[in-house]
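Written below as C-alpha cells is the structure these notes are about.
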C-alpha cells in the first residue's frame with residue numbers, strides 16, 4: 001500500500017523524487033509531515049484548506065470546556081419577550097450594547113475583553129460525537145483517533161517550559177481525544193483534582209539510588225529497543241525522560257495551590273473548576289502553552305432553570321477571576337481564553353422544565369489573545385432557533401483558534417495509516433474576530 005501511494009504520487013508529476021523523500025521521511029513524531037508541494041490533486045485533505053497566515057496574537061490557550069451542552073439561551077445569547085426565553089433575564093456588561101445572562105454578573109464586568117460568538121452550528125447532536133468534533137474538528141470514527149488542538153500546538157510549536165508538560169487537562173472527562181494519532185508524548189497530562197496537585201512525583205529514594213535504578217532499567221531495555229525500533233517504543237522511552245525531567249523541575253511548585261493567598265483561592269471559587277482555572281493561570285505563567293479545564297453538569301434535560309444558575313455560579317467565579325487575574329498580571333494579551341461546549345439546548349422548554357440537545361445554533365466566547373473586546377459575532381433569530389448572521393461551523397471555530405496561535409492551517413500531517421489530515425479539517429478562520 002505504501003509503495004503504491006509513493007508510485008502514484010511520483011507519476012502524478014506534482015512532486016519530485018527528492019522532495020518526496022525529504023518530505024515523507026519518518027520523523028521523531030512518528031507521523032509524516034508534508035508541506036505545500038503536494039496539491040489538492042493528491043489528497044482530499046488539501047482541498048479548500050485555509051492558506052491564511054497570521055502573525056500570532058496568542059501564545060497560550062486556556063480552554064474552558066462546558067461538558068454536557070451549555071444552554072446558549074441562558075448564558076451568552078439571552079432573549080427577551082418570547083416564550084423560549086424562559087425566566088432568564090439579560091444583564092448589562094462592561095461592553096456597550098453587549099448583554100449576557102443575569103447568572104453571570106461577575107463575568108459581565110469582563111466582557112470588554114471578550115468576543116461572543118452567537119452563531120456556532122454543529123452537525124453532531126449526541127454528547128460523545130459533539131465533544132469529539134469540538135475538540136478535533138473531525139467526525140468520530142471507529143478506525144482512527146484525531147488529535148486535539150493542544151496536541152497540534154505541541155507538534156508544530158512545542159512548549160515554553162522544557163521541564164513541564166506543554167499540554168495539561170484538568171478535570172474528569174474520560175472522553176478527551178488527547179494526542180489522537182500522534183505519539184503519546186503529545187498527549188496532555190491529566191490532573192483530575194487541581195487541589196491534589198501531582199502525587200508521588202518525587203523519588204522516594206536518594207539521588208544515587210535513583211540513578212542506579214534508572215541505569216539498570218536502561219541496560220535491561222537496550223536489547224528490546226534495538227530489536228523493536230518502532231515509534232511507540234521510542235515514544236515510551238521518551239516519556240520516561242520527560243517524566244524524570246519533570247520530577248526534577250523547580251516549576252513543579254506550579255501545581256501546589258497552597259502557595260496562593262487564601263483570598264485569591266476564594267475568589268476563584270472552592271469548586272474543582274475554579275481551582276482548575278487558578279491552576280491554569282499558574283501553569284501559563286510558567287510556560288505551559290495549552291491548558292484545558294472542564295466543567296460538567298450542563299446536560300439539563302430536567303430542571304434547566306435550577307441547574308443552569310448553579311452551574312453558572314461556579315463558572316462565573318472561576319472565569320471572571322481568571323480573566324481579571326490574567327489581565328492584572330499582563331498575561332491576557334498573550335493568552336486566548338476560550339469558553340465552549342459541544343452544542344446548545346433547545347429554545348423550546350420541554351415538559352420537565354428542561355432544554356434538550358440542540359446543535360443547530362449555540363454560543364462560545366473568546367477572551368484576550370488578540371480578539372476584539374466588547375464584540376459580538378453572529379446572531380440567532382429572536383427565539384434562538386436559527387442562525388441568521390455569520391454562521392460558524394465547528395471547523396471554522398477551531399481554525400480561528402489555530403489562526404490566533406499562528407499555526408499552519410494548510411499543513412498536512414499523516415496518521416500511521418498514511419492518511420492525511422490538517423488541523424481544522426477544511427475550517428476557515430474568521431479574521432473579523434481579532435482586533
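A short reminder: the numbers here are calculations on the coordinates, not readings from a lab. The model shown is predicted, which means the values in this text are computed figures rather than measured ones. Glycine gets a Cβ as well: all are built from the backbone with ideal geometry, and neighbour counts include every protein chain shown.
Worth a mention:
- Stretching residue 47 away from residue 123 to a fully extended chain increases their span by 25.3 nm, per 0.36 nm per residue minus the current alpha-carbon distance.
- Across region 94-191, the fraction of Cα-Cα pairs farther apart than 24 Å, rounded to a whole number, is 45%.
- The peptide list 332-342, 255-265, put in order of mean Cβ contacts within 10 Å with the highest first, becomes 332-342, 255-265.
- Taking max minus min of the alpha-carbon positions on each principal axis, region 262-394 gives extents of 46, 32, 21 Å, largest first.
- Burial order of peptide ranges 143-156, 93-106, 317-330 (average beta-carbon count within 10 Å, highest first): 143-156, 317-330, 93-106
- Packing-based order for 417-428, 174-185, using average beta carbon neighbours within 10 Å, highest first: 417-428, 174-185
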